[in-house]
1. Within segment 48-59, count every residue that is surrounded by fewer than 21 Cβ atoms within 10 Å (Cβ to Cβ) and touching a residue at least 12 places away in the same chain (Cβ under 8 Å).
2. Those residues that are touching a residue at least 60 places away in the same chain (Cβ under 8 Å) and either part of a strand (DSSP E or B) or hydroxyl-bearing (Ser, Thr, Tyr) (or both), I need them from segment 181-205; list them, please.
3. Evaluate segment 44-58: report whether one residue or more is of a type in the set (Val, Ile, Thr), out of contact with any His (no Cβ under 8 Å at 6 or more places or on another chain) and more than 30 Å from residue 152 (Cα to Cα).
4. Looking only at residues that are within 12 Å of the ligand (Cβ to nearest atom) and among the hydroxyl-bearing types (Ser, Thr, Tyr) in segment 2-44, which one is most open to solvent (accessible area, probe 1.4 Å)?
5. Which of the following residues is open to solvent by less than 40 Å² (accessible area, probe 1.4 Å), within 13 Å of the ligand (Cβ to nearest atom), assigned to a helix (DSSP H, G or I) and at pLDDT below 95: 178, 162?
6. When you scan segment 207-228, do you find a residue that is open to solvent by less than 60 Å² (accessible area, probe 1.4 Å), within 14 Å of the ligand (Cβ to nearest atom) and of a type in the set (A, V, I, L, M, F, W, C), even just one?
7. With the checklist (1) out of contact with any Pro (no Cβ under 9 Å at 6 or more places or on another chain); (2) surrounded by fewer than 18 Cβ atoms within 10 Å (Cβ to Cβ); (3) modelled with pLDDT under 95 in hand, flag the one item residue 168 doesn't pass.
8. What pairs come up if the first residue lies in segment 78-96 and is within 24 Å of residue 56 (Cα to Cα), the second is among the aromatic types (Phe, Trp, Tyr), and their beta carbons are under 7 Å apart, counting only those six or more places apart or on different chains?
Amino acid sequence: MTTKKIINIAIDGPGGAGKSTISKAIAKKLDILYVDTGALYRTVGLFVKSKGVDPKDAEGVTAILPEISLEVKYENGAQAVYLNGVNHGDAIRTPEMSMYASNVSAIPSVRAFLLETQKQIARTNSVIMDGRDIGTVILPNADVKIFLTASPECRAMRRYKELCERGQSVKYEDVLKEMNERDAQDSSRAIAPAKPAEDAIFLDNSELNFEESVNAIIDIIENKCGGTR
Ligand code: DC
């Protein structure tokens, strides 16, 4: 049996660009792992909320990090994050947790706390990993780096539909406002801001549907890694 080369694919970009659904489909096609790094920040946010700590209080958040044990597991091909032994499922997916995650993610100790978990998964597995700093900080030597984005209105509409499908009652205007706020915060923070790596390929999928987006990214991967699969 030949040993397959490990390939690392980094997908960064703002919320609502479809990074996670697109990455999941690509992971399935290429038979590699999909790593959703936002889920890690969301889980830290959930813990911070459960402790009644202000997610912008860097000292307060840093003080409770030692109480957190995070484990990433793959169950039937899907990523599950365990917080002190418990998988909180969709509880990390609310708009409130999006803001908690964005707030705690600007704290350097939180980023340092999650760094090795992310690097370790990519060291031992072929992955498509999505986030904000994957191409710049987590996997600077990734085989393929893509910065995926779309217009704010387009991204907000996708997120709005996704939340409605999950049964959450939200208004489009509120989703757009929250998304703009979060993007501004994530891309302007002092540490690991959400920005394309210098060697990333920029893809705006405002005019592409899901399948076209998947195909566009597969083409980029094949161009870069052709012959390795
Ligand atoms: O991808 P997401 O919407 O689930 O991410 C939630 C928040 O977590 C996002 O607003 C910023 C933060 N995040 C980050 O700072 N770095 C990452 N690699 C992934 C997410």
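1. Summing the residues that are surrounded by fewer than 21 Cβ atoms within 10 Å (Cβ to Cβ) and touching a residue at least 12 places away in the same chain (Cβ under 8 Å) in segment 48-59 gives 4.
2. Once the filter is applied, which keeps residues that are touching a residue at least 60 places away in the same chain (Cβ under 8 Å) and either part of a strand (DSSP E or B) or hydroxyl-bearing (Ser, Thr, Tyr) (or both), segment 181-205 yields only 187.
3. Narrowing segment 44-58 to residues of a type in the set (Val, Ile, Thr): 44, 48, 53.
Now narrow it down to the ones that are out of contact with any His (no Cβ under 8 Å at 6 or more places or on another chain): 44, 48, 53.
Right, trim to more than 30 Å from residue 152 (Cα to Cα) and you get 53.
Taking every residue of segment 44-58 in turn, at least one turns out to be of a type in the set (Val, Ile, Thr), out of contact with any His (no Cβ under 8 Å at 6 or more places or on another chain) and more than 30 Å from residue 152 (Cα to Cα).
4. Taking segment 2-44 first, the residues within 12 Å of the ligand (Cβ to nearest atom) are 10-21, 23, 35-44.
Narrowing the set further to residues that are among the hydroxyl-bearing types (Ser, Thr, Tyr) leaves 20-21, 23, 37, 41, 43.
Working: 20: 46, 21: 72, 23: 1, 37: 4, 41: 18, 43: 5 Å².
Out of the qualifying residues, it is 21.
5. On the way: 162 fails: open to solvent by less than 40 Å² (accessible area, probe 1.4 Å).
One residue alone meets the criteria, 178.
6. No, there is no match, as no residue in segment 207-228 is open to solvent by less than 60 Å² (accessible area, probe 1.4 Å), within 14 Å of the ligand (Cβ to nearest atom) and of a type in the set (A, V, I, L, M, F, W, C).
7. Result: residue 168 passes all but (1).
8. As it stands, the answer is 83/47, since those pairs meet every condition given.
The values are calculated or read from the model by the stated rules, or taken from the named source; none is laboratory data. These numbers were taken from a predicted model, which means no experiment stands behind them. A quick note on method: Cβ atoms are made from the backbone with ideal geometry, for glycine too, and the neighbour counts reach across all protein chains shown. These area figures cover heavy atoms from the full protein model, side chains too; ligands, DNA and RNA do not enter into them. Shrake-Rupley method; radii C 1.70, N 1.55, O 1.52, S 1.80 Å.
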